[in-house]
Amino acid sequence: MARIAYADLSAPETKPLVDRIVAERGSVLHLYQMLLHSPPVAEGWLAYLTAIRQKSTLAGDIRELVIMRIAHLNGASYEADQHAPIALREGVAQEKLDALGDWPSSEAFDPRERAVLAYADAMTRTIQVPDHVFAAVREHFDERLVVELTATIAAYNMVSRFLEALEIHSHDERSAR
């Protein structure tokens, strides 16, 4: 169970944003139910993550592969639960999802995937990225895609840290809507 109660989705200050989230995403996930304690934060979060997931030119399989790796590294089960089906829809093979825990020793990943996984590992574990790791990413991506990849990794580290600090889990009871 989450460390604090989920926000009241029927409160007057949250209702307009709740309606927007439902219109855009179909329902209000646990993450947004928590964020709605602060409507301005929830609104900014929604805009940023919508840009990352829906407006970026980064390939969906690469995006979801790094999200799943970040979830693994940060022990963010809610993030993994939410993104595993998306990863599969975006073309990430189950074999790759299963191998993420020890991807360096797996033969399931091609050089581009290995470069982004090493980049996600560096950004998540040590924050500073070694030159050789960045150079490997640059072999596969132009400036725009490097920025989008970097922003995706940063964003989903933010997501997992928020989820884990407040102990948000998939099995928590959800508010109506």
*asked:* Placing unit charges on C-beta atoms (Lys and Arg positive, Asp and Glu negative, everything else neutral), compute the dipole magnitude of the chain about its Cα centre in debye, rounded to 20.
replied: 400 debye
*How many angstrom separate the Cα center of region 130-177 from the Cα center of region 1-48?*
20 Å
*Cα→Cβ-extended label distance, 7 Å offset, between D142 and S10, nm*: 5.2 nm
*Whole-Hz couplings from phi, Karplus 6.51/-1.76/1.60, listed for region 137-149; x for Gly and Pro*: 5, 5, 5, 10, 9, 7, 4, 4, 5, 5, 5, 5, 5
*Top of A76, A93, A120 by mean-square fluctuation, Gaussian network on the chain, Cα under 10 Å*: A93
*Hey, if you drop one equal point scatterer on each alpha-carbon of the chain and run the Debye formula without solvent, what base-10 log of I(q)/I(0) do you get at q = 0.11, 0.15, 0.16 Å⁻¹?*
-0.49, -0.87, -0.97
*asked:* So if each residue of separation counts as 0.36 nm, and I subtract the Cα-Cα distance between A151 and S38, what length gain in nm does that give?
replied: 38.4 nm
*1.4 Å probe accessible area per residue over the chain, in Å²*: 49 Å²
*Given labels modelled 7 Å from the Cα in the Cβ direction, how far is it in nm from R3 to D131?*
4.0 nm
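The values are calculated or read from the model by the stated rules, or taken from the named source; none is laboratory data. Computed from a prediction, not measured in an experiment: that's the story for all the values here. Counting neighbours? That spans all protein chains shown, and the Cβs are built from the backbone with ideal geometry, glycine included. To get the accessible areas, we keep the full protein, side chains included, count just its heavy atoms, and leave off ligands, DNA and RNA. Shrake-Rupley method; radii C 1.70, N 1.55, O 1.52, S 1.80 Å.
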